[in-house]
Amino acid sequence: MTITIYIDADACPVREETYKVALRHNVSVVVVSNSYLRVLAHPIIKRVVVDDNFDAADDYIAERASANNIVITADILLAERCLNGGAVVIAPNGKPFTNDSIGSAMAVRAIMADLRAGAVSENIGGPPPFTSADRSKFLQALHESVVRLKRG
């Protein structure tokens, strides 16, 4: 069983942490982006630069997401597509997306999009700032997911 970690990399703050866990467990990583990003030079790490079409990186990842994959993304729509493919999906803050939680995450996303669309001058805001605690939770969640997949 080959485990692969896919990173939705264009705005991912935890690429280095992903490499650290992948190297520890000898698990391959595919870094997918719309533009050239510097990645760690190592045989288990592959860079894929897709064209700049809307959702090209998401499509690349979702088409490959399956039971032995872990996907790192903050994109709720991509998370849903990957869960449907059987992949484990983790947000950069360490929160797992699951079949049980994705529905409410999609609903909150829709509500926030509606609020932002209706806001003329109010600042609705975005997600909270990324913290070192988020980074730590991510490392733990990724490690646990890799161990779980290795055990079958």
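Bear in mind that the values in this text are calculations on the coordinates, not laboratory data. The shown structure was predicted, so the numbers you read here are calculated from the model rather than taken from an experiment. Please note: Cβ atoms are built from the backbone with ideal geometry, for glycine as well, and neighbour counts cover all protein chains shown.
At a glance:
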item	result
FRET efficiency for Q140 and N68, using Cβ-Cβ distance with R0 set to 25 Å, rounded to 0.05	0.75
Summed residue charge, Cβ within 15 Å of E17's Cβ, Lys/Arg positive, Asp/Glu negative	+2
Geometric extent, Cα atoms of the range 3-99 - Rg, Dmax (angstrom)	12.1, 34
For S28, distant residues with modelled amide H under 5 Å away	I3, I5
Sites A41 and L77 - FRET efficiency at Förster radius 35 Å, r taken between beta-carbons, to 0.05	0.65
Candidate aspartates and glutamates for bridging to K95, where Cα separation is under 17 Å - those fewer than 8 sequence places away on the same chain excluded	D8, E17, D75, E80, D134, E144
Stretchable slack from V49 to H25, in nm (0.36 nm times residue separation minus alpha-carbon distance)	6.2 nm
Charge context of A87, other residues only, Cβ under 14 angstrom, K/R +1, D/E -1	-2
